[in-house]
Amino acid sequence: MQLSTHYPQKRAFVTGAASGFGLALCKALARDGWALGLADINDQGLADAASQIEALGGRPLSFILDVSDAEAFQRAAASFIEQAGGVDVVINNAGIGVGGLLEETSLDDWNATISINLMGVVHGCLAFVPPLKRAGSGHVINVASIAAVAAGPYMAAYNTAKAGVLGLSETLYSECKDAGVRVSVVMPSFFKTNIATTSRGNEAARLMTEVLIRRATYSADEVAAYTLAEAARGTLHIIYPRIAKRIWHWKRLLPGHYFRTMLKQARNTARFVERVKKDG
Ligand code: NAI
């Protein structure tokens, strides 16, 4: 089943649409002929994305938007709804990476992570949930990460923001259900995108993210296809790939074992970071 079975008017607004997962989601929807509000802070990336979407049969409407700006988000949402004649699906995807020990993460990096990765999603929900509820139909898809439940070491700010996205999405699931609005939260483990290139934090932490992304065996297209298929089924927690699902069950069923493994991971990461610092 495709999302367009539920939403034949095919109108979606996607943040972080210029790269990685957001672009992969837009390309998949474009192949099915959707009108797409492409929102991103990167204007050049946005222009490239719009050409790709058009070539695939989608109908792009571009918005240069910083999701951490609540008022700008409201304006972009209103403009999209006006131009597209409504909205069916909203994907709050824009996000940045940030790594480092708690005490190495600057307040600037904390603020940027919370204001983009968490408040950016809150702003998207504030802008779109009321019109979706009024229409009595629609779907909000928030992009978290398996980090929302598996809070691995050296990623305190990222993990905190993603746990917030999970909490927000689970809250909205029950608040919106009777109004006819579906909610999903996407919780993938690492997959190949450009997130490491814009990652904040110290050089060692950025390099760590780069290594993890380089080693990932899943593409953004695969995660996007799975996400859209599960969203069409109305799944709340969209967890992919299998390793992420294992982590989700592992922490709940065997918490002692899980936390001992996290401790080992923290020690391994500390050794990796020390090596990088020593080798320059
Ligand atoms: P990416 O870096 O390839 O794409 C992120 C997009 O968000 C970029 O186009 C960037 O310009 C945009 N963006 C950044 N800050 C913005 C802002 N303030 N306002 C508007 N747009 C902004 O990264 P990726 O991996 O595609 O990330 C998408 C989402 O997927 C993020 O929320 C990320 O946390 C999540 N995720 C990614 C995983 C991975 O392994 N790549 C794993 C789990 C979750």
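The values are calculated or read from the model by the stated rules, or taken from the named source; none is laboratory data. As the structure is a prediction and not an experimental result, all values here were calculated from the model. Cβ atoms come from the backbone with ideal geometry, glycine included; neighbour counts cover every protein chain shown. These accessible areas exclude ligands, DNA and RNA; they are computed on the full protein's heavy atoms, side chains included. Shrake-Rupley method; radii C 1.70, N 1.55, O 1.52, S 1.80 Å.
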Can you tell me the accessible area per residue over the chain, all protein chains present, probe 1.4 angstrom, in square angstrom? 46 Å²
Kirkwood Rh (inverse of mean 1/r, distinct Cα pairs), the range 2-241, angstrom: 17.5 Å
Given the candidates Y7, T171, V273, the one whose Cα lies deepest towards the positive end of the charge dipole of the chain, counting +1 at each Lys or Arg C-beta and -1 at each Asp or Glu C-beta, is V273
Please work out the Cα center distance from the range 174-202 to the range 11-69, rounded to the nearest Å. 16 Å
Beyond 31 Å between alpha-carbons counts as too far, so tell me which of K192/K278; K162/K264; K27/K245; K10/K251; K27/K264 fall in that bin. K10/K251; K27/K264
Carbon plus sulfur, as percent of the 1.4 Å-probe accessible area of the chain, comes to 55 percent
Ranked highest first by average number of other Cβ atoms within 10 Å, how do 54-62, 112-120 line up? 112-120, 54-62
Within 11 Å, Cβ to Cβ, of H6, how many net charges do the neighbouring residues add up to if Lys/Arg are +1 and Asp/Glu are -1? +2
Sequence order, the range 70-75: Karplus ³J(HN,Hα) from phi using 6.51 cos²θ - 1.76 cosθ + 1.60, θ = phi - 60°, Hz rounded, Gly and Pro as x, gives 4, 5, 4, 5, 4, 5
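May I ask you to derive the relative contact order of the range 12-104, considering only C-alpha pairs under 8 Å and at least 6 residues apart, and to give it as an integer percent?
In percent, rounded to a whole number, it is 33.
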Working out 0.36 nm times the residue gap between A78 and M262, then minus their Cα-Cα distance, what length gain in nm do you get to one decimal? 61.8 nm
Report, in cubic angstrom per residue, the convex hull volume of the C-alpha atoms of the range 100-151. 77 Å³
Label-zone membership for the range 27-67, site A135, 7 angstrom Cα→C-beta point, backbone N under 20 Å: 27-40, 58-64
Considering only the other residues whose Cβ falls under 13 Å of the Cβ of S115, what net charge follows from Lys and Arg at +1 and Asp and Glu at -1? -3
Around G85, with a cut-off of 13 angstrom between Cβ atoms, what is the net charge of the other residues, counting Lys and Arg +1 and Asp and Glu -1? +1
Relative contact order of the chain, please, whole-number percent, based on alpha carbon pairs below 8 angstrom and at least 6 residues apart. 19 percent
Difference of contour (0.36 nm per residue) and Cα-Cα distance, H249 to E210: 11.4 nm
Which cross-chain or sequence-distant (5 or more) residues have an amide H under 5 Å from the amide H of H237, H modelled 1.01 Å from N in plane? V185
Enumerate the amide H contacts of G37 below 5 Å, restricted to partners 5 or more residues apart or on another chain; note that Pro and chain-start residues carry no placed amide H. A12, F13, V14, L61
Over the Cα atoms, compute the radius of gyration (one decimal) and Dmax (the largest Cα-Cα distance, rounded to a whole number) for the range 142-217, in Å. 14.6, 47
Check R182: other-chain or 5+ apart residues with amide H under 5 Å from its amide H, H built from backbone geometry? G138, H139, V140
Scaled radius of gyration (Cα, divided by 2.2 N^0.38 Å) that the range 3-145 gives: 1.04
Rg/Rh (Cα only; Kirkwood hydrodynamic radius) as it applies to the range 1-52: 0.98
Hey, got the dipole for the chain? About the Cα centre, +1 on K and R Cβ, -1 on D and E Cβ, debye to the nearest 20? 1240 debye
Please list log₁₀ I(q)/I(0) at q = 0.12, 0.19, 0.22 Å⁻¹ for the range 165-280, using the Debye equation with identical point scatterers on the alpha-carbon positions. -0.60, -1.17, -1.27
